[in-house]
Amino acid sequence: EDKVVQSPLSLVVHEGDTVTLNCSYEVTNFRSLLWYKQEKKAPTFLFMLTSSGIEKKSGRLSSILDKKELFSILNITATQTGDSAIYLCAVITPDSNYQLIWGAGTKLIIKP
Amino acid sequence: NAGVTQTPKFRILKIGQSMTLQCAQDMNHNYMYWYRQDPGMGLKLIYYSVGAGITDKGEVPNGYNVSRSTTEDFPLRLELAAPSQTSVYFCASTFSRGQGFGGYTFGSGTRLTVV
């Protein structure tokens, strides 16, 4: 059975800290891995990673994929209270009609 | 552009009642999906559609039905609501013809409580 596992399930840090969120996957065939940020409502798209070893970066957020070890990490540097959210990881497989296999998410709380 | 519009935002149903969650997108996306998200869990796929007139079951279809008579609309029908259907429901769409996959566009969600 295809599955995506995220760790930790929850994390509390102080403003200014750097955090690393993990996502590992076991799927029959892999196409891409996606990271989403979910605040109070719908998930919003952060990154899509398809190739191993190529870092995607957006401001203080960055992510990288390791297709050999079947995992991805999401880094957030100089965290701010606005980074508090659930971070979701999902994997898409070929020929799946773009269905996503979702992890349970990491709940990140940034304390002032 | 409105993107993906879901209605209602909140609803309380009694056990055994029925309702339809509405989803509409104006991006000419051919793929549409219904997910449910329970507390502390990831999203589970209920049904999806690859185009008008074509629908298929996802991971958790029992107790739900869908239709896709137009490209824009993808309503989700709950028949005989049960407490286990208490959840947040998200509609999503993706992929216009001629473009590569760039992730989903989500609606704002419907929080449903069955009592």
Cross-link list A:K40/B:K57; A:K3/A:K67; A:K3/B:K14; A:K67/A:K111: which exceed 26 angstrom alpha carbon to alpha carbon? A:K40/B:K57; A:K3/B:K14; A:K67/A:K111
Given charges of +1 on the Cβ of Lys and Arg and -1 on the Cβ of Asp and Glu, with all other atoms neutral, how large is the dipole of chain B about its Cα centre, in debye to the nearest 20? 220
Build a GNM of chain B with springs between Cα atoms under 10 Å: which of B:F101, B:F74, B:F90 gets the top mean-square fluctuation? B:F101
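Report, in debye and to the nearest 20, how large the dipole of chain A comes out about its Cα centre when Lys and Arg carry +1 and Asp and Glu carry -1 on their Cβ. Write out the running numbers ahead of the final one.
Details: 12 positive and 11 negative charges, 58 e Å.
That gives chain A a dipole magnitude of about 280 debye.
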Global form of chain A, assessed from the alpha-carbon gyration tensor, a/c cut-off 1.5: prolate
Which of B:E72, A:E55 has the fewest other C-beta atoms within 10 Å, and how do the rest follow up to the most? A:E55, B:E72
Under a Gaussian network model of chain A whose springs join Cα atoms within less than 10 Å, the largest fluctuation of A:L74, A:L11, A:L49 belongs to A:L11
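Return an integer: the convex hull volume of the alpha-carbon atoms of the protein assembly as shown, in Å³ per residue. All intermediate terms of the calculation are to be shown ahead of the outcome.
Values: hull volume 29.2 nm³, N = 227.
In the protein assembly as shown, the Cα convex hull volume per residue is 129 Å³.
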Kirkwood radius from Cα pairs of chain B plugged into Stokes-Einstein at 4 °C, 1.567 mPa s, gives D in µm²/s equal to 92
Taking r as the C-beta separation of B:R77 and A:K40 and R0 as 25 Å, the FRET efficiency to the nearest 0.05 is 0.40
Among B:M19, B:M41, B:M32, determine the one that fluctuates most according to a GNM of chain B built with springs between C-alpha atoms less than 10 Å apart. B:M41
Contact order normalised by residue count of chain B, Cα under 8 Å, 6+ apart, percent: 35
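What ranking of A:V12, A:V19 emerges when the number of other C-beta atoms within 10 Å of each C-beta is taken as an exposure proxy, fewest first? Let's see the in-between values first.
On the way: A:V12 13, A:V19 18.
Least to most surrounded, the residues fall as A:V12, A:V19.
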The Cα radius of gyration of the range B:1-51, divided by 2.2 N^0.38 Å with N its residue count, comes to 1.34
For the pair B:A52 and B:F10, how long in nm is the line joining their label points, each one 7 Å along Cα→Cβ? 3.6
Each label point is 7 Å from the Cα along the Cα-to-Cβ direction; what then is the distance between the points at B:V115 and A:R31, in nm? 4.2
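Test of understanding: what is the full-extension gain from A:T18 to A:S84, defined as 0.36 nm times their sequence separation minus their Cα-Cα distance?
Values: separation 66, 0.36 × 66 = 23.76 nm, distance 1.28 nm.
Once the chain is fully extended between A:T18 and A:S84, it gains 22.5 nm.
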With equal scatterers on the alpha carbons only and no solvent term, can you work out the Debye log10 of I(q)/I(0) for the range B:17-81 at 0.26, 0.28, 0.29 1/Å? -1.15, -1.25, -1.29
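Readers should treat all values here as calculations from the given coordinates under stated rules, not as data from a laboratory. Computed from a predicted model, the values in this text were never measured in an experiment. Positions of Cβ are backbone-derived with ideal geometry, glycine not excepted, and every protein chain shown enters the neighbour counts.
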